[in-house]
Ligand code: SAM
Ligand code: SF4
């Protein structure tokens, strides 16, 4: 098989976190600038970018099965082969291994180098296999095209990397040190997204609340200051941010939840475990008590805040009693929605070589128990909104005439009937609640 000389169509497939979704969109914009167009749904693309995630073993293995499937299912009369690029955190961590293990891959590009994708495509078109996993000093964001398209909701990466070094986590190695994008660049990008149709922007970062920058008056501000400036963009109706670290939850940001009406009442604040010994072994630098105190302070200014978090079960050495502490914490908080994972040893991280690894069977059982507690609370949170009215940002049409889909302020998916348009904010009355969504009827129109 021959690799396609110059790709005419592309497809970007992003795995993992929302930051990868953002990066995937930016890569698509870059390729489009080169005259390469998005492959129509259901058609093979000449160039496939697999934008990978390395956070857990399962996520990392997906890339190899995808490469295999692409090559096996490729069916072109001219005998050409797809051009495959592996991007994202697996590319960063295992670039050499991918090149050795998967000859069909012609490009490996790390998360800090993807602005160089066009040059790499040119080299690959000339028959080279190229790897770029540099973390260059120049910011990739300056080299990316201006934002021109957006749906009603958009992501905006404001901060990248992590200096926290939790003992289980690969992010500090694959994404590098914490870096905040400049204030003015973010305001400019947000304005472009809003001009292109965004009504809600979610600010993204591995530790988004560690973001800091200098505002137009030369003052150093945190995420609350950035959110305040964004709230001044008239057509922008909603602001969200994720993922936050408990240690960077400043009083200013907490207060913003009571003061900034565009900041949605939702907080994703991962705790990971409900036992202080485990938290210390994870190098989490917060305790159960300090975490709960933050939630109290947030609830004091925004009593209806929907709380969310991440949990890891089966961290090395976690005993039954320590796991029970996690269930107690869940009971005490009453989360609206959460992510929970089995601990996955990641090569190169301190926890991977700790003694006392927990067996797969014990992890399975703990995850099941944790998830049934979290599901119970999620359903209870949703059920508590039945009979109430709320605003919904309309994201798309439903399957049937007069049906629409959108999100409540608390990030619940809402299916409603009414007369709406994508991008509008409408008022609905919630009529039913399931574990993952609400049913509602439209009762009014909030804004055009
Ligand atoms: N910076 C965020 C924080 O500290 O809360 C989290 C970012 S991380 C990309 C997303 C989540 O993946 C973490 O909160 C954690 O629950 C999970 N995670 C990270 N490493 C993991 C591992 N080795 N095994 C299982 N889950 C892991
Ligand atoms: Fe990973 Fe911890 Fe950094 Fe979050 S804070 S990205 S879990 S090292």
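A short reminder: the numbers here are calculations on the coordinates, not readings from a lab. Computed from a predicted model, the values in this text were never measured in an experiment. All Cβ positions, glycine included, derive from the backbone under ideal geometry; neighbour counts span all protein chains shown.
Before moving on, here are some points about what is shown:
- Rg then Dmax, both in Å and based on the Cα atoms of the range 237-331: 14.2, 46.
- A protection proxy built from the mean count of other Cβ atoms within 10 Å ranks the segments 150-163, 410-423, most packed first, as 150-163, 410-423.
- The modelled label-to-label distance for the pair residue 41/residue 123, using points 7 Å beyond Cα in the direction of Cβ, is 3.7 nm.
- Mean residue ellipticity (222 nm) of the chain, computed from DSSP H runs ≥ 4 via -39,500 (n - 2.57), nearest 500: -10500 deg cm²/dmol
- The range 84-121 and the range 397-448 have their alpha-carbon centroids 41 Å apart.
- Here the range 90-111 is scanned for amide nitrogen atoms under 18 Å from the site 7 Å beyond the Cα of residue 61 along Cα-to-Cβ, giving 90-91, 94, 98, 101-102.
- Dimensionless Rg/Rh of the chain - Kirkwood Rh, Rg from C-alpha atoms: 0.97
- Residue-span extension gain [residue 142 to residue 96] - 0.36 nm each, minus C-alpha spacing: 13.8 nm
- Sequence-separation-based contact order of the chain, relative, with Cα cut under 8 Å and 6+ spacing, percent: 10 percent
- When each of the peptides 104-110, 306-312, 377-383 is scored by the mean number of other C-beta atoms lying within 10 Å of its residues, the order from highest to lowest reads 104-110, 306-312, 377-383.
- Using the Cβ-Cβ distance between residue 320 and residue 33 with R0 = 51 Å, the FRET efficiency computed as 1/(1 + (r/R0)^6) comes to roughly 0.40.
- If you take the Cα centroid of the range 335-353 and the Cα centroid of the range 148-200, the two points sit 23 Å apart.
- Contour excess over end-to-end distance, with Cα ends at residue 419 and residue 332 and 0.36 nm allotted per residue: 27.3 nm
- Computed label-point distance, nm, for sites residue 299 and residue 443 using a 7 Å Cα→Cβ extension: 2.7 nm
- Relative contact order computed over the range 83-194 (Cα-Cα under 8 Å; 6+ residues apart), in percent: 23 percent
- Dimensionless Rg over Rh [the range 299-448; C-alpha; Kirkwood]: 1.12
- The distance between label points at residue 195 and residue 13 comes to 3.5 nm (points 7 Å beyond Cα on the Cα→Cβ vector).
- Among 16-25, 228-237, 204-213, 180-189, the peptide with the highest mean count of other Cβ atoms within 10 Å heads the list, and the full ranking is 204-213, 16-25, 180-189, 228-237.
- For the range 233-252 versus the range 26-70, the gap between their alpha-carbon centres in whole angstrom: 30 Å
- Mean Cα-pair separation over length for the range 241-355, i.e. relative contact order, pairs under 8 Å, 6 or more apart, %: 28 percent
- You can think of it this way: the chain between residue 259 and residue 149 has 36.6 nm of extra reach, that is 0.36 nm per residue less the Cα-Cα gap.
- Taking 298, 130, 170 as the candidate residues, the one with maximal mean-square fluctuation in a Gaussian network model of the chain, Cα springs under 10 Å, is 130.
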